[in-house]
Amino acid sequence: FRPVKSSTIGEHPMHTEYIAVHRHTIEQLLAHNAEAIAVGTTSVRTLESLYYMGLKVLANPNISEDELHVNQWEPYEVESSKLKVESSKALQALFDWMIKRELTVLHSSTQIIIAPGYDYHIVKMLITNFHQPQSTLLLLVSAFVSGDWRKLYDYALSHDFRFLSYGDSSLLIP
């Protein structure tokens, strides 16, 4: 993960992550009201990207798997258009699209950047470790806790929590 080095987040180019999601996973999400506890930031980006992929299927039922890619700022453009679709409806559209194409695994990619102001659709709780300052991962955490990440990190620092990939983790419930 590249640190954010630009003066504004809008200038930061987000990397692409390739994802593979089994149809059964989407079925399980639907069985749980399209809500999930994500373990790790890659899971968050994948789960939240599924929502936007579902929106694309709703807008174009003949869309190809390659066209499901979620661009970096796409969620913010959708949110600003006031297009509000229930998470379960978006996931159901994606699930039905996969059945129609006889896909058991969805292979796609995402560049989604989750930063303060992002409206979470599927992830309701998050298990993650403590991330590097000036990282997109910390932006994701900040968005999840409505900008209140400093209180969490101050607590972790004052109690000698270990940071980064092999450090301590936390369960975040907004």
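Within the range 52-73, the presence of at least one residue that is in a strand (DSSP E or B), touching a strand residue (DSSP E or B) at 6+ places or on another chain (Cβ under 8 Å) and at pLDDT 95 or above is confirmed. Residues that are open to solvent by 60 Å² or more (accessible area, probe 1.4 Å) and touching a Leu at 6+ places or on another chain (Cβ under 9 Å) do occur in the range 84-102, at least one of them. Comparison of 76, 118 shows that the only residue that is hydroxyl-bearing (Ser, Thr, Tyr), surrounded by fewer than 21 Cβ atoms within 10 Å (Cβ to Cβ) and not in a loop (DSSP other than H, G, I, E, B) is 76. Taking the criterion of being assigned to a strand (DSSP E or B) and surrounded by fewer than 16 Cβ atoms within 10 Å (Cβ to Cβ), the residues of the range 125-165 that qualify are 125, 127. For the range 3-44, taking the residues that are in contact with a helix residue (DSSP H, G or I) (Cβ under 8 Å, 6 or more places away or on another chain) and modelled with pLDDT under 95, the one that is surrounded by the most Cβ atoms within 10 Å (Cβ to Cβ) is identified as 41. Scanning the range 103-115 for residues that are open to solvent by 60 Å² or more (accessible area, probe 1.4 Å), of a type outside the set (Val, Ile, Thr) and in a loop (DSSP other than H, G, I, E, B) gives no hits.
The values are calculated or read from the model by the stated rules, or taken from the named source; none is laboratory data. Because the structure is predicted, anything quoted here is derived from the model rather than measured. Every residue, glycine as well, gets a Cβ built from its backbone with ideal geometry; the counts of neighbours run over all protein chains shown. When the accessible area is computed, the model is the full protein with side chains, heavy atoms only, and any ligands, DNA or RNA have been set aside. Shrake-Rupley method; radii C 1.70, N 1.55, O 1.52, S 1.80 Å.
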